[in-house]
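Read the structure below first, then the notes.
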Ligand code: FES
């Protein structure tokens, strides 16, 4: 099997529900991860590696994914978005409506922004 050309890191972090920051896993990241793996299998996309990982620091817009080496970040991903993301991973354009940037990394829940 050839070396993967692209990686997608999927945050599946799960915090205690009392934590002020949300958790991607509580917002469906596990289902997104499984759907990506299934779609990859259907397409025989061997050049893509799908990796489950920890917090990627944009928790307020989870589930969050990072695609490398493209340096494209996605937020608010659902299972319905998986075919379009796989199109990107197989050489298509990034899915603009899901892209997140620096502003989303600065978001904090109200209880973490008080002086
Ligand atoms: S918990 Fe997923 S980005 Fe932080």
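Data table
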item: Any hit, the range 104-111, residues being exposed (fewer than 13 other Cβ atoms within 10 Å of the Cβ) and closer than 27 Å to residue 3 by Cβ; result: no
item: Number of the condition not met by residue 40 [criteria: (1) closer than 30 Å to residue 1 by Cα; (2) crowded, with 16+ Cβ neighbours inside 10 Å; (3) within 11 Å of the ligand (Cβ to nearest atom)]; result: (3)
item: Which listed residue, of 63, 4, 22, is touching a residue at least 12 places away in the same chain (Cβ under 8 Å), touching a strand residue (DSSP E or B) at 6+ places or on another chain (Cβ under 7 Å), within 14 Å of the ligand (Cβ to nearest atom) and not in a helix (DSSP H, G or I); result: 63
item: Residues within the range 43-59 that are assigned to a helix (DSSP H, G or I) and surrounded by fewer than 17 Cβ atoms within 10 Å (Cβ to Cβ), tallied; result: 1
item: Output for the range 25-37, where each listed residue is surrounded by 18 or more Cβ atoms within 10 Å (Cβ to Cβ) and in contact with a helix residue (DSSP H, G or I) (Cβ under 8 Å, 6 or more places away or on another chain); result: 32, 35, 36
item: Scan of the range 66-99 for residues that are touching a residue at least 12 places away in the same chain (Cβ under 8 Å), surrounded by fewer than 20 Cβ atoms within 10 Å (Cβ to Cβ) and in a loop (DSSP other than H, G, I, E, B), ordered by number; result: 69, 70, 76, 78, 90, 94, 95
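Where a number appears in this text, it was derived from the coordinates with a stated rule and is not lab data. Because the structure is predicted, anything quoted here is derived from the model rather than measured. Don't worry about glycine lacking a Cβ; one is built from the backbone with ideal geometry, like all the others, and counts go over all protein chains shown.
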